[in-house]
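What follows is a set of notes on a single structure, which appears directly below.
Nothing in this text is a laboratory measurement; each read-out follows from the coordinates by a stated rule. Fair warning: this is a prediction, and the values are worked out from it, not measured in the lab. Note that we place each Cβ from the backbone using ideal geometry, even for glycine, and neighbour counts take in every protein chain shown.
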Amino acid sequence: MKQAKQNNTKRLVTRLLFTVVGMFGFGFAMVPLYDVICDITGLNGKTGDQVVSVQPKENAQQSDRQITVQFLAQNAAGMDWEFSANDAQVKVQPGEVKVVSYHAANPNSYAMVGQAIPSVAPNEAAQYLKKLECFCFQEQPLEAGETVDMGIRFFIDESIPEHITKLTLSYSLFDITKSSSSATAVTQR
C-alpha cells in the first residue's frame with residue numbers, strides 16, 4: 001500500500017513538472033507566434049512598420065473616391081509628454097501621397113526618449129495604408145522642454161476595397177529612455 005502511494009506521488013510530480021515545462025515553453029513561444037499571426041491576418045491593426053517597397057503610381061488615374069483618414073494620439077502609462085495629431089483627419093484619394101504631422105513636447109526637466117507604436121482600424125485597412133516615412137520608424141529623443149513636429153508621409157493603396165471609406169491611424173507613445181541606445185546620446189548633447 002505504501003509502495004502504491006509512493007508510485008502515485010511520483011507520477012503526479014512527473015506530470016506536474018511536464019505541465020510546468022510545457023506552460024513555460026508555450027508562454028515563451030507566444031510573442032513570436034502572436035506577431036506572425038498579426039502580420040498574416042492584419043489582426044490588431046499591425047502595420048508591420050517596414051519600409052514600403054510599393055510606391056504610388058505616378059500616372060494613377062484620378063478618381064472621385066476619397067477616404068477619410070483620422071489621426072489619434074495617446075500616451076502609454078508613465079509617458080507624460082504632450083502628444084497630439086496636428087490634423088484630426090484628412091481626405092485622401094487612393095494613390096495620392098499625403099504628409100501629416102504629430103506634435104510632441106517634453107515638459108520635464110530632463111531628456112527622454114519616446115517610441116510611437118502605430119495601430120490601424122479597421123484591421124482590414126492596415127494592409128492598404130503605406131507609410132513612406134514615419135516618425136514611428138525611429139526613437140524620438142527630446143531634450144528637457146523641447147518641442148517637435150514629427151511627420152508621416154503615406155498613401156492609401158489603390159486596391160483598397162470599396163467598402164472601406166474611413167480608417168483611423170492611432171499612435172501610442174511609450175517612454176523607452178531606460179532601454180534606448182539614444183538615451184546616452186540625448187544626455188551627452
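Some notes on this structure:
- Taking label positions 7 Å along the Cα-Cβ direction at both THR165 and VAL99, the computed distance is 3.1 nm, reported to one decimal.
- Multiplying the residue separation of VAL90 and ARG15 by 0.36 nm and removing their Cα-Cα distance gives an extension gain of 21.2 nm.
- 14 Å tail of the calculated P(r), segment 88-138, as % of Cα pairs: 67
- Distance between modelled label sites at MET30 and GLN74, nm, 7 Å Cα→Cβ extension: 2.1
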